[in-house]
Every structure is written in structure tokens, then in C-alpha cells.
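All remarks here apply to the structure that follows.
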Amino acid sequence: MKLETKHFSRRFAVGDIHGCLNTFRKLVEDKIQLTKTDALILLGDYIDRGPDSAGTVDYILELIDKGFNVFPLRGNHEHDILCAHNMLDNEQLYLFYRLRFKSSKLLDRVTGLLPKYKAFFEKLPYFFETEDFFLVHAAFDFSKPNPFDDNADMLVMRTCRNITNFTNGKPIIHGHQPFYLTEIQKKIESKPLCIPLDNGCVYNKPHKIYDYRQLSNLLAFNLDSYELFIQPNIEQMK
Ligand SMILES: [Mn+2]
């Protein structure tokens, strides 16, 4: 989906929030001090794993309601809960999300995914193309004949492969896969064609795969200055 952004005074992209509402709020209100002449593009995965999935979506909707220019994309977690809502019975769905992702406030035990959240998730686009960037949750697969039609890849691909003239030299900004902070900073300095923004905000305790000490920040990237704003996780995790 095309998105005109050049008329905004500042343009930011933010990666995977995963229910870290307090951290996200602090990034928006204190770190970047978002104004109504700025644009804030969100790369998806607002829900699951962190302490307040429903509150994170409520806050995004509240910002939009108040007249902030917030443009949320779809992540695999928003997509999956819509699919699960259609496939599982509501009791199963509720228990699964309560136990697996701590996201049961998005759901009613009897009626399933609450209409407010269902409507929000259903409307989320898969990618944006601005005047000078592509923004997507995960990646595009440019080995496919029509990479911009393949929605499944955009939500789950692990790497930006085969970057070709499909993008006209526009860099791709994406989330989905946690990268260590020093890797992200080093990449940004080299002005690459692929900019990862997920620093695994939700991972703030020892983890079996990742060194969490190099993760657990939520990042905002300024699309014009290439400045990176770093908000450490401030959630009270159990
Ligand atoms: Mn993801």
C-alpha cells in the first residue's frame, strides 16, 4: 500500500512491541515526543508475550483517535490471532492465548476475539511503500514473480533475500526477527538496503537462544536523519 509521508515534519518507524505498553508509551511520549505533525509507522506484532497486549492496541487506537498520524502494519501475531479465531472454538482460543501468550484480554471466553480488536487487526495492511522506503513486518521474497502479492512471506520471512530492482533502490525497514543492538547500529551506519528494527523489546530475562542483555530495547528510527532512539524495557515482568 502506498503511503505519502514527505509532508510530515518527522517520520519514525518502530518495531515489535509485543505487549510492552509502558515501554512503548515512554518511547512515544518521552523519547521521541511525538507531535501531530509527525508520522509514526508501526511494523506489527503489537500483541503476545509481553504484559499488556490489549492495552498496547488500546493505546495505538487512542493515539489515532487523538489525531496523531500513526500507521500500523500487520505482524504475524495479529494475523495468527485472526486465523485462530476462525479455526478454534472460543473456549480453546481463550485458554490457548491465556497460557501461551498472556493475551486473554483480547478475547472473550464465549464469543472469542473482541470485535474492537478483530476490526483493528483485519484492517492492518501488509506493507507500506513511501516515497523513499518500503516498510514491512518481516521481509519480501524477491525470488517470487510477484513479491508484493505474497502476503505470507511479508509476515514471517527471516531475511531480506534477493533484493533486486523491485525496490528501485528504496531501503526496506522491517521487524520480526530480533537483532542485537550493536548489529542494528552498525547496519544503520552503513546505510543498507535492509534495516532491521526489532531489538527484542520483550526479551528482558535470560533466554535459551538470545543473549537478552543485548536485547530488550524498543527502538524508534528516524527515516530522515537515520537517528535511532533507544527505549529500554521498563515492564514489570513476572
Ligand atoms: Mn513477528
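Kindly list the number of the only condition in (1) over 19 Å from Leu197 (Cα atoms); (2) within 16 Å of the ligand (Cβ to nearest atom); (3) charged (D, E, K, R) that fails for Lys118.
The single condition Lys118 does not satisfy is (2).
Look at Leu107 and say whether it is surrounded by fewer than 16 Cβ atoms within 10 Å (Cβ to Cβ) and either within 16 Å of the ligand (Cβ to nearest atom) or hydrophobic (A, V, I, L, M, F, W, C) (or both).
no
With the requirement that a residue be assigned to a loop (DSSP other than H, G, I, E, B) and within 23 Å of Ala139 (Cβ to Cβ), what does the stretch 225-238 give you?
Correct list: Tyr226 only.
Just the residues that are away from the ligand (no atom under 16 Å from the Cβ), on the phi < 0 side of the Ramachandran plot, part of a loop (DSSP other than H, G, I, E, B) and not polar (S, T, N, Q), please, taken from the stretch 176-219.
Matches in the stretch 176-219: Tyr180, Pro192, Leu193, Lys205, Pro206, Lys208, Asp211.
Identify all residues within the stretch 128-140 that are assigned to a loop (DSSP other than H, G, I, E, B) and aromatic (Phe, Trp, Tyr); write none if there are none.
Within the stretch 128-140, Phe133, Phe140 meet the criteria.
Within the stretch 92-114, can one find any residue that is within 28 Å of Thr167 (Cα to Cα), under 20 Å from the mean Cα position of the chain (by Cα) and of a type outside the set (A, V, I, L, M, F, W, C)?
The answer is no; no qualifying residue exists.
Test Ile234 against the criterion of being within 18 Å of Phe133 (Cβ to Cβ), β-branched (Val, Ile, Thr) and in contact (Cβ under 8 Å) with a residue 24 or more places away in the chain, and give yes or no. Steps first, please.
Details: within 18 Å of Phe133 (Cβ to Cβ): no; β-branched (Val, Ile, Thr): yes; in contact (Cβ under 8 Å) with a residue 24 or more places away in the chain: yes.
Considered against the rule, which asks whether it is within 18 Å of Phe133 (Cβ to Cβ), β-branched (Val, Ile, Thr) and in contact (Cβ under 8 Å) with a residue 24 or more places away in the chain, Ile234 comes out as no.
With (1) touching a strand residue (DSSP E or B) at 6+ places or on another chain (Cβ under 9 Å); (2) under 27 Å from Ala220 (Cα atoms); (3) assigned to a helix (DSSP H, G or I) as the list, and Pro125 as the residue in question, which single condition is left unmet?
Failing condition for Pro125: (3).
Hey, Tyr126 hits all of (1) of a type outside the set (Val, Ile, Thr); (2) surrounded by 18 or more Cβ atoms within 10 Å (Cβ to Cβ); (3) over 16 Å from the mean Cα position of the chain (by Cα) but one; which does it fall short on?
Just one mismatch for Tyr126, condition (3).
List the pairs whose first member sits in the stretch 126-150 and is farther than 19 Å from Gln177 by Cβ and away from the ligand (no atom under 16 Å from the Cβ), whose second member is modelled with pLDDT of 90 or more and acidic (Asp, Glu), and whose Cβ atoms are under 8 Å apart, counting only residues at least 6 apart or on separate chains?
If the second residue must be modelled with pLDDT of 90 or more and acidic (Asp, Glu), the pairs left are Thr130/Glu4; Glu131/Glu4.
Give me the helices (runs of 4 or more DSSP H) completely within the stretch 1-96, filtered to those with at least 1 residues that are over 14 Å from Cys201 (Cα atoms), within 16 Å of the ligand (Cβ to nearest atom) and at pLDDT 95 or above, ordered by residue number.
The helices (runs of 4 or more DSSP H) meeting that bar are 53-65, 76-87.
Which one is surrounded by the most Cβ atoms within 10 Å (Cβ to Cβ), of the residues in the stretch 151-175 that are among the small types (Gly, Ala, Ser) and within 16 Å of the ligand (Cβ to nearest atom)?
Across the stretch 151-175, the extreme among qualifying residues is Gly175.
The values are calculated or read from the model by the stated rules, or taken from the named source; none is laboratory data. Source: prediction; values computed, not measured. Please note: Cβ atoms are built from the backbone with ideal geometry, for glycine as well, and neighbour counts cover all protein chains shown.
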